[in-house]
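The values are calculated or read from the model by the stated rules, or taken from the named source; none is laboratory data. Keep in mind that this is a model prediction, so the values were computed, not measured. As a convention, Cβ positions derive from the backbone with ideal geometry for all residues, glycine included, and neighbour counts pool all protein chains shown. Accessible surface areas use protein heavy atoms only, side chains included; no ligands, DNA or RNA. Shrake-Rupley method; radii C 1.70, N 1.55, O 1.52, S 1.80 Å.
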Amino acid sequence: RRQGINVSIAFGFDTDGDRAGACLYVDGKRVNLYGDYMGGLFALRLLKGDFPGATIVGDVRTSDAVRILVEKNGGKFIEVPAGYPFVKGPMHEKGAVLGIEKSGHVHPPASGEDFLEDGLQAALNVLMAFKEDAQGDPKKLFGLFPEYHYVTPDARPMFSRRVIKETMRRVIAS
């Protein structure tokens, strides 16, 4: 509880711990902090710390809010196709200090010095940004990003079991 605001934060990790997501509960209301936004806060910490003016690589699914945050804080943002190899390659080529994927996968400096490629480190950077950049105020934390109202949805078409079985039968028969 801070400044009359009741805040809780929860982090979720994938099974090998290299991806993370978070949600904040502010006065009982849930606010999601998607993986690319976590990466954006990680980038902000790097740009304000030891890597001013650094290059950040993000996949095409990364929100423009993250790109604007990086550029507004003196960094250079390079957009690449989605996927681990498409992020890591340009990081090495351009000397980027961080790679961000919408999925919550963050890729710290190519040298690996002082950084681990894991969701826990991204979560710790969120906590540091919450404490130092937002002074513990969730509105200030989300206020670090420009406001965007559009999120690219996952494509998950609806299929019935009957349609799937019929399609499989046709594939096997041909």
Order by accessible surface, 1.4 Å probe, largest leading, for residues Met128, Met168, Met91 comes to Met168, Met128, Met91
Whats the longest run of the chain with zero GluC sites (Glu not before Pro) that are DSSP loop and have at most 11 other Cβ atoms within 10 Å?
-> 1-112
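Would you mind calculating the gained length between Glu79 and Arg161 on full extension (0.36 nm times residue separation, minus the Cα-Cα distance), in nm to one decimal?
Numbers: separation 82, 0.36 × 82 = 29.52 nm, distance 3.82 nm.
Gain on extension, Glu79 to Arg161, equals 25.7 nm.
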Ignoring the sites themselves, what is the longest stretch of the chain with no chymotrypsin sites (Phe, Trp or Tyr not before Pro) in a DSSP loop and at most 12 other beta-carbon atoms within 10 Å?
-> 1-147
Measure off 7 Å from each Cα along the Cα-to-Cβ vector at Asp137 and Val31, then give the distance between these two points in nanometres to one decimal.
-> 1.1
Given the rule -39500 (n - 2.57) for each run of at least 4 DSSP H residues, summed and divided by the residues of the chain, what is its mean residue ellipticity at 222 nm, to the nearest 500 deg cm²/dmol?
-> -11000 deg cm²/dmol
Give, in nm to one decimal, the length gained when the segment between Leu120 and Asp16 is fully stretched (0.36 nm per residue of separation minus the Cα-Cα distance).
-> 36.4 nm
How would Val7, Val57 line up by accessible area, probe 1.4 Å, largest first?
-> Val7, Val57
